[in-house]
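Engineer: One structure, pasted below without further comment.
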Amino acid sequence: MSKKLFQRNLGRTDRIIRLIIGVLALGAWYFGAVAGIIAIVIGVAAIMLIGTSAAASCPLNSVANINTMSQKEREENDAKGISYQKK
């Protein structure tokens, strides 16, 4: 089960969207657009979004058996020998 949690399951589009939202949220936290408990929650969420984007793996997607990779990305990963979560 734990090996399945760390296999790639995020496609390029999903990774880009997570990265953009994470950077914007981190910027809002850093520049003080939010304060208090909300700032802490947004900061943690931003770090999680950026981390999952960098790793191309989301544990919640693994548990829900969701893989946002396109067929082309799966074929590219197969050719490179990169492990990814199969549906």
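For every residue, the table says whether it meets (1) closer than 14 Å to Leu10 by Cβ; (2) in contact with a strand residue (DSSP E or B) (Cβ under 9 Å, 6 or more places away or on another chain); (3) of a type outside the set (D, E, K, R).
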{"position": "Gly36", "(1), (2), (3)": "no, no, yes"}
{"position": "Ala54", "(1), (2), (3)": "yes, no, yes"}
{"position": "Asn65", "(1), (2), (3)": "yes, no, yes"}
{"position": "Lys72", "(1), (2), (3)": "no, no, no"}
{"position": "Gln85", "(1), (2), (3)": "yes, yes, yes"}
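Okay, residues lined up against (1) open to solvent by less than 30 Å² (accessible area, probe 1.4 Å); (2) out of contact with any strand residue (DSSP E or B) (no Cβ under 8 Å at 6 or more places or on another chain); (3) not in a helix (DSSP H, G or I):
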position	(1), (2), (3)
Leu10	yes, yes, yes
Arg18	no, yes, no
Val23	no, yes, no
Gly43	yes, yes, no
Gly51	no, yes, no
Asp78	no, yes, no
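Engineer: Here's another thing I want to ask about it. Please verify whether Ala35 is among the small types (Gly, Ala, Ser) and under 13 Å from the mean Cα position of the chain (by Cα), treating the condition exactly as stated.
Structural biologist: no
Engineer: If Asn65 passes every condition in (1) assigned to a helix (DSSP H, G or I); (2) under 15 Å from the mean Cα position of the chain (by Cα); (3) exposed (fewer than 14 other Cβ atoms within 10 Å of the Cβ) but one, which one does it miss?
Structural biologist: For Asn65, the exception is condition (1).
Engineer: Could I ask something else about it? Quick check on my filter: what residues within segment 23-44 are aliphatic (A, V, I, L, M) and in contact with a helix residue (DSSP H, G or I) (Cβ under 6 Å, 6 or more places away or on another chain)?
Structural biologist: The answer is Ala25, Leu26, Val34, Ala39, Ile42.
The values are calculated or read from the model by the stated rules, or taken from the named source; none is laboratory data. Bear in mind the structure is a predicted one, so any value in this text is a computation, not a measurement. Methodologically, a virtual Cβ is constructed for each residue, glycine included, from the backbone with ideal geometry; neighbour enumeration extends over all protein chains shown. Side chains are part of the model used for accessible areas, which takes the heavy atoms of the whole protein and leaves out ligands, DNA and RNA. Shrake-Rupley method; radii C 1.70, N 1.55, O 1.52, S 1.80 Å.
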